[in-house]
Amino acid sequence: MQYLKDRGFVHPHASEITPRSVYEGRRTLLRQMAAGAAGLALAGWAARDALAQVQRPGKLMALAGSRSAVAGALTMEKPTAYADATSYNNFYEFGTGKSDPAGAAGSLKPRPWAVAVEGEVKKPKVFDLDELLRIAPMEDRSYRLRCVEGWSMVIPWVGWSLAELIRRVEPTGNAKYVEFVTLADRAQMPGLRSGVLDWPYVEGLRLDEAMHPLTLLAFGLYGEVLPNQNGAPLRLVVPWKYGFKSAKSIVKIRFVEREPRTAWVKAAAQEYGFYSNVNPNVDHPRWSQATERRIGEDGLFQKKRPTLMFNGYGPQVGQLYAGMDLKKYF
Ligand code: MTE
């Protein structure tokens, strides 16, 4: 726990830092303000909704996809507002606050860009971004993304199944896992100055997970190329796993024999497992995973949604984990 505290993960309870008399007085004040404050909060939400209507995509290069035929790839749920999906982000290379990436990721240069695909493959190769964009036909996919912190979004991605790339490099018989290494450039990423994670951000999948047709290499969202804060120019999206498995701004894909040590496992192995499948029955030590708050639906009286096993993708991916103890392999 000390380790996490050092890294700023554990926030003191308000009563630990505020003298009792002060916070009790504050409570009375809050009670007196309650009616007025509720009114103000509602006005705030209304304003944000209005903003979401205005901030539509339209500034970035268009990236069109055709309707995906992959089973489960198109949820019918209402997409999260573009403004929310592009301003409420986790991208620690640009700071740990939710609005930090939208504010700071302008310094990321998504072009030129190359991705080295190496390790246990017969045909290792450094792919240029333009080459990657042409590897397979772009598809529209609409996925739920569930973050371990207890919120979720629905995002219309554009990309193709990672399996398309994997087939082209021909993994050897020794390839059991795939490791994803993302950009760590201090000149472009101010968040690297903090020691919150051991950079670069590394994620990993078992080879069969990486080959699953739902595992997406995404280049765009809402019909345009990815905004920097969402992981330009390319990122992973693994919809049945917690959001942190979906590595942003990938520069290297390595095929390996051993389970990769991911950035989050290194930071806190007791909190973040390698698998990290969405599972309402296995709580994170600090957050219940039973329910979730859908971003954009956080009005005063909005009920939380129940979280679904494998984020609702069980029919497609459950078989990958047949016979595995998902409490042990969390
Ligand atoms: N990738 C990198 N390189 N750095 C990060 O900090 N955060 C992860 C994931 N990928 C992260 C990352 C987390 S915790 C989540 S929830 C998702 O990105 C968020 O993706 P979004 O901002 O597009 O919703």
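The values are calculated or read from the model by the stated rules, or taken from the named source; none is laboratory data. Here the structure is a predicted model, which is why all the values come from computation and not from measurement. Every residue, glycine as well, gets a Cβ built from its backbone with ideal geometry; the counts of neighbours run over all protein chains shown. For the accessible areas, the whole protein counts, side chains as well, though only heavy atoms, and no ligand, DNA or RNA atoms are used. Shrake-Rupley method; radii C 1.70, N 1.55, O 1.52, S 1.80 Å.
Results for (1) touching a strand residue (DSSP E or B) at 6+ places or on another chain (Cβ under 7 Å); (2) surrounded by 19 or more Cβ atoms within 10 Å (Cβ to Cβ); (3) assigned to a loop (DSSP other than H, G, I, E, B), shown as yes or no for each residue.
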site: 76; (1), (2), (3): no, no, yes
site: 80; (1), (2), (3): yes, yes, yes
site: 89; (1), (2), (3): no, yes, yes
site: 93; (1), (2), (3): no, yes, no
site: 98; (1), (2), (3): no, no, yes
site: 103; (1), (2), (3): no, no, no
site: 109; (1), (2), (3): no, no, yes
site: 112; (1), (2), (3): no, no, yes
site: 116; (1), (2), (3): yes, no, no
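Looking at (1) charged (D, E, K, R); (2) in contact (Cβ under 8 Å) with a residue 12 or more places away in the chain; (3) farther than 14 Å from residue 227 by Cβ, can you tell me which one residue 56 breaks?
Single failed check for residue 56: (3).
Considering only residues that are over 18 Å from residue 252 (Cα atoms) and within 19 Å of the chain's Cα centre (by Cα), which ones fall in the stretch 180-191?
191
Please tell me if residue 329 is part of a loop (DSSP other than H, G, I, E, B), hydroxyl-bearing (Ser, Thr, Tyr) and not assigned by TED's automatic domain parsing to the domain that holds residue 126.
In short, yes.
Out of all the residues in the stretch 52-93, which are within 16 Å of the ligand (Cβ to nearest atom), over 29 Å from residue 212 (Cβ atoms) and not aliphatic (A, V, I, L, M)?
Within the stretch 52-93, 55, 87 meet the criteria.
Among the numbered conditions (1) surrounded by 19 or more Cβ atoms within 10 Å (Cβ to Cβ); (2) within 13 Å of the ligand (Cβ to nearest atom); (3) charged (D, E, K, R), tell me where residue 271 comes up short.
So residue 271 meets the others, but not (1).
Would you point out which residue out of 222, 201 is open to solvent by 10 Å² or more (accessible area, probe 1.4 Å), more than 9 Å from the ligand (Cβ to nearest atom) and in contact with a helix residue (DSSP H, G or I) (Cβ under 7 Å, 6 or more places away or on another chain)?
Step by step, each of 222, 201 is checked, and only 222 is open to solvent by 10 Å² or more (accessible area, probe 1.4 Å), more than 9 Å from the ligand (Cβ to nearest atom) and in contact with a helix residue (DSSP H, G or I) (Cβ under 7 Å, 6 or more places away or on another chain).
For residue 213, state whether it is touching a helix residue (DSSP H, G or I) at 6+ places or on another chain (Cβ under 9 Å), within 12 Å of the ligand (Cβ to nearest atom) and touching a residue at least 40 places away in the same chain (Cβ under 8 Å).
no
Enumerate the pairs (first residue in the stretch 144-155 and in contact (Cβ under 8 Å) with a residue 12 or more places away in the chain; second residue anywhere and within 8 Å of the ligand (Cβ to nearest atom) and of a type in the set (Phe, Trp, Tyr)) with beta-carbon separation below 7 Å, excluding pairs fewer than 6 apart on the same chain, so at least 6 apart or on different chains.
Correct list of pairs: 146/242; 147/242; 148/242; 148/244.
Working carefully through the options 148, 154, find the one that is in contact with a His (Cβ under 6 Å, 6 or more places away or on another chain) and either within 16 Å of the ligand (Cβ to nearest atom) or part of a helix (DSSP H, G or I) (or both).
Only one candidate passes the filter, namely 148.
Looking at the stretch 289-317, which of the residues that are at pLDDT 95 or above, on the phi < 0 side of the Ramachandran plot and polar (S, T, N, Q) is surrounded by the fewest Cβ atoms within 10 Å (Cβ to Cβ)?
Top of the filtered list is 291.
If I go through the stretch 140-173 residue by residue, how many of them are of a type in the set (D, E, K, R) and closer than 20 Å to residue 81 by Cα?
5
What are the pairs with Cβ atoms under 8 angstrom where one residue, in the stretch 228-252, is within 18 Å of residue 88 (Cα to Cα) and polar (S, T, N, Q) and the other, located anywhere, is part of a strand (DSSP E or B) and within 10 Å of the ligand (Cβ to nearest atom)? Sequence gap at least six, or different chains.
What qualifies is 230/221; 246/145; 246/203; 246/235; 246/236; 246/237; 249/182; 249/235.
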